[in-house]
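Heads up: the structure comes next, in structure tokens.
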Amino acid sequence: MDYTVEARISFKKGVLDAEGETIQKSLGLLDYPVKKVETIRVYAIKVEANSEVEALDSVRSACEKLLANPVIQDFDLKVV
């Protein structure tokens, strides 16, 4: 069966998000009342698996090995 798993990858607390800070400053200069901007990458990954658990395990492995840097990033997964 096919499952689509959403992987949301973001910076850990305390890690500099230079892109988010630059966008926040730029929006402020344009008079938008923005307090914070965070950069988050979202992947919708379609996998073939026997169960939701197997699909999540497969995408979790991909995140740990390739998509996310475990030193500076966290990720959340959900089947959509």
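Name the residue that is farthest from Pro70 (Cα to Cα), counting only residues in the stretch 1-58 that are of a type in the set (Asp, Glu) and touching a residue at least 40 places away in the same chain (Cβ under 8 Å).
The extreme case among them is Asp2.
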If a residue must be hydrophobic (A, V, I, L, M, F, W, C) and loosely packed, with under 14 Cβ neighbours inside 10 Å, how many such residues does the stretch 1-26 contain? 4
Which of the strands (runs of 3 or more DSSP E) contained wholly in the chain include at least 1 residues that are of a type in the set (S, T, N, Q) and modelled with pLDDT of 95 or more? 2-11, 73-79
Mind listing just one residue for me: the one in the stretch 7-66 that is under 14 Å from the mean Cα position of the chain (by Cα) and of a type in the set (Phe, Trp, Tyr) and, of those, nearest to Leu77 (Cα to Cα)? Tyr43
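The values are calculated or read from the model by the stated rules, or taken from the named source; none is laboratory data. None of the values given here were measured: they were computed from a predicted structure. Methodologically, a virtual Cβ is constructed for each residue, glycine included, from the backbone with ideal geometry; neighbour enumeration extends over all protein chains shown.
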